[in-house]
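> Can you keep this structure in mind? I'll have questions shortly.
The values are calculated or read from the model by the stated rules, or taken from the named source; none is laboratory data. Keep in mind that what you see is a predicted model, and the values were worked out from it rather than measured. Don't worry about glycine lacking a Cβ; one is built from the backbone with ideal geometry, like all the others, and counts go over all protein chains shown. Each accessible area value is taken on the protein alone, full model and side chains, heavy atoms only, with ligands, DNA and RNA left out. Shrake-Rupley method; radii C 1.70, N 1.55, O 1.52, S 1.80 Å.
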Amino acid sequence: MTDTSTDDEREQVSVPSEIEFPRLLDFYDLQTADQTQIHEFYDNLRAGQLTTTRCTDCEAIHFPPRIVCPECTGDALEYVDLPHDGELFAFSAVRGGLPLGLREHEVPYVVGVVDLGPVRLSGRIDDAAYSDLEIGDSVSLKIVDIDGPTDEDRVFYRFEPQ
Ligand SMILES: [Zn+2]
């Protein structure tokens, strides 16, 4: 595991605090135990560790985290740590078509699929222009705090070039 930003050092991204249809425009998950059964994923991420679920029956590792194993339909799942470093498997630039209200996203920005070994997951690639990147580039986890429109401490993951 590489050094991951602590709470104090994390960048904060903003969702508008006053929007007409918050659940349409705020696409970040609600993250507490009474809102989602995968709250442990967010608890771990908030603490600085990217995790996902592993089935203790068939040993399949899933991403995103599940509450039932899609391979064997068992529900004996445990959270396991994922590497924080990976390789860029695919990427593209977002140049327009953003949901209304996403002032924070100044286009263009890059989204990619990152191969972490056990899983591949998609995410935003920060601090890089499309023309700077190549498939196979090394990227690292970046955890950001999500500001508004709820009062909860929410986080999400991104990646950045190493
Ligand atoms: Zn299973």
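> Is it fair to say LEU121 is at pLDDT 95 or above and either open to solvent by less than 70 Å² (accessible area, probe 1.4 Å) or basic (Lys, Arg) (or both)?
yes
> So which residues in segment 134-147 are in a loop (DSSP other than H, G, I, E, B) and in contact with a Pro (Cβ under 7 Å, 6 or more places away or on another chain)?
If the condition is that a residue be in a loop (DSSP other than H, G, I, E, B) and in contact with a Pro (Cβ under 7 Å, 6 or more places away or on another chain), then ASP137 is the only one that fits.
> Restricting the search to segment 129-150, which residues are of a type outside the set (Ser, Thr, Tyr) and farther than 20 Å from GLU9 by Cα?
ALA129, ASP132, LEU133, GLU134, ILE135, GLY136, ASP137, PRO149
> Among the numbered criteria (1) modelled with pLDDT under 95; (2) more than 17 Å from the chain's Cα centre (by Cα), which one does GLU134 miss?
(1)
> Okay, next question. Where residues in segment 1-38 are closer than 30 Å to GLY97 by Cα and assigned to a helix (DSSP H, G or I), which of them is modelled with the highest pLDDT?
Across segment 1-38, the extreme among qualifying residues is LEU25.
> Shifting gears a bit: Name the single residue that is farthest from the ligand (Cβ to nearest atom) among those in segment 79-97 being open to solvent by 70 Å² or more (accessible area, probe 1.4 Å) and touching a residue at least 24 places away in the same chain (Cβ under 8 Å).
For segment 79-97, the residue satisfying everything is GLU87.
> Now a separate question. (1) closer than 30 Å to CYS55 by Cβ; (2) outside any loop (DSSP other than H, G, I, E, B): which one isn't true of GLU152, the others all being true?
(2)
> Can you tell me which residue is farthest from the ligand (Cβ to nearest atom) among those in segment 55-71 that are open to solvent by less than 50 Å² (accessible area, probe 1.4 Å) and over 15 Å from the mean Cα position of the chain (by Cα)?
The residue in question is ALA60.
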